[in-house]
Amino acid sequence: MIALGMMSGTSLDGIDCALVDVRSRGEGMKIDLLDARTFAFEAEVAAILNEVVRRERGALAAIARLHRALGLAHADAAEHFLRGRSVDFAAMHGQTIFHDGAAALTLQIGDPFALRERIAASVCFDFRSADCALGGSGAPLVPSVDVLLLADPGEKRVALNCGGIANLTLLPIAAELDAERIVAFDTGPGNMLLDAWIAEASGGRERFDRNGETAARGSVDASLLAAMLEDPYFAQPGPKSTGRERFGEAFLSRYRAALQMLSLEDGLATLLALTVESIAQALERYRFDDARILCSGGGAQNSRLLAALGERLSHARVESSDAVGVPAESKEAVAFAVLGYQTLRERTANLPSVTGARRRSVLGAVAPHRLATLLEKIAKEEAR
């Protein structure tokens, strides 16, 4: 079954595409990544995203325009990525424009029908609402796929995804792994505050700190770091999830004056330390600070962040998920292709131990294209 997985995360930088061959294997499945690529948002879409999501100026008309623009952006990305290749189905996460996990409230937009019409294939979408309907936070959803991709019979691992927000999945050695009791949650900010601060301080000339080079030249302001770590979210036990509403502009506003007193290098070093320390404290709390940490997402490209986490957790091994054959930039796009496959098989995909939902549930909705034929193909595959 050839699937197109598409992910647009909290970093708001573009759309990750993954072409995946996914096949059922009893209760499990075999997953092969065939191709992957990231497409940056065009200037017009990026401008609307900036107004609606970053600046929280979400007038109804602006949200409607963004929903349409994001659908077309996914369609364009898919067309350029596939280059005439056909797929059995696509699965798109959409763009989160609001998230309050504690209130079981989350919203992802992006017109799936624009994508369906362009690629002539069924599209799975809206993966979080079913979990929220059961009292869950709707996030994170990738841990069930982390188990498939990254669990190992011989070592304790952590699947760390560091996008705008950082989240982790704790993976004990396979003999001790119980998918119904997996621990996974958002630890707090990933790249979000770093990206926001360098963009603000540079007047928009820089959008991110490449390889953490600027942060690496700075020194951490210990008192400011301690103040930021007093946010009650960090001490809150899982299941929990968070987003831009907590660690975006509102958080930055509280500490803007203090950051402005520092050099750009010291400010970025302090914000990077916040990401590192919040991850490290979470791993220490669950006694996973000696595990092999496999990082994906944009943070995996930040060599200073990985080095700082390794320095902070001296007994851990910190590296990109590429080291075990899971491309860091496309892991979440692969994950949503797998979640889409579970939707079409009517298999549950959320983990109540992670989201707090009352029970497991089939996730996702479907924009159908020759759906009966697709479902018949899946049934034949499962019968083998």
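Observations on the structure shown:
- Criterion: among the acidic types (Asp, Glu), in contact (Cβ under 8 Å) with a residue 24 or more places away in the chain and farther than 14 Å from Ile165 by Cβ - qualifying residue of Glu265, Glu230, Glu245: Glu265
- Among (1) surrounded by fewer than 19 Cβ atoms within 10 Å (Cβ to Cβ); (2) closer than 30 Å to Thr373 by Cα; (3) among the charged types (D, E, K, R), the one test that Glu332 misses: (1)
- Here Phe288 passes the criteria (1) outside any helix (DSSP H, G or I); (2) aromatic (Phe, Trp, Tyr); (3) touching a Phe, Trp or Tyr at 6+ places or on another chain (Cβ under 8 Å) except the one numbered (3).
- Hey, Ala64 farther than 24 Å from Gly364 by Cα and either among the acidic types (Asp, Glu) or surrounded by fewer than 17 Cβ atoms within 10 Å (Cβ to Cβ) (or both) or not: no
- Any hit, the stretch 40-57, residues being modelled with pLDDT of 95 or more, at positive phi and in the same structural domain as Val22 (by TED's automatic domain parsing): no
- In the stretch 192-250, counting only helices (runs of 4 or more DSSP H) that sit wholly within it, the ones holding 3 or more residues that are farther than 26 Å from Leu283 by Cβ and out of contact with any Phe, Trp or Tyr (no Cβ under 7 Å at 6 or more places or on another chain) span 192-201.
- Residue that is farthest from Pro112 (Cα to Cα), among those in the stretch 346-377 that are touching a helix residue (DSSP H, G or I) at 6+ places or on another chain (Cβ under 6 Å) and either small (Gly, Ala, Ser) or at pLDDT below 95 (or both): Ser353
- Restricting attention to the stretch 150-191 and to residues that are small (Gly, Ala, Ser) and in a helix (DSSP H, G or I), the residue that is farthest from Ala328 (Cα to Cα) turns out to be Ala175.
- From Val318, Val326, Val334, Val276, residue being modelled with pLDDT of 95 or more, within 15 Å of Val142 (Cα to Cα) and not acidic (Asp, Glu): Val334
- If you go through the stretch 16-72 and pick out every residue that is closer than 18 Å to Phe125 by Cβ and of a type in the set (Lys, Arg), you end up with 1.
- Within the stretch 1-68, strands (runs of 3 or more DSSP E) holding 1 or more residues that are hydroxyl-bearing (Ser, Thr, Tyr): 14-25, 28-40
- All conditions in (1) in contact (Cβ under 8 Å) with a residue 12 or more places away in the chain; (2) more than 27 Å from Ala133 (Cα to Cα); (3) surrounded by 13 or more Cβ atoms within 10 Å (Cβ to Cβ); (4) of a type outside the set (S, T, N, Q) hold for Arg55, with the sole exception of (3).
- Each residue in the stretch 69-91 was checked for being part of a helix (DSSP H, G or I) and either more than 20 Å from the chain's Cα centre (by Cα) or not assigned by TED's automatic domain parsing to the domain that holds Ala365 (or both), and 8 pass.
The values are calculated or read from the model by the stated rules, or taken from the named source; none is laboratory data. The structure displayed is predicted, hence computed values, not measured ones. Cβ atoms come from the backbone with ideal geometry, glycine included; neighbour counts cover every protein chain shown.
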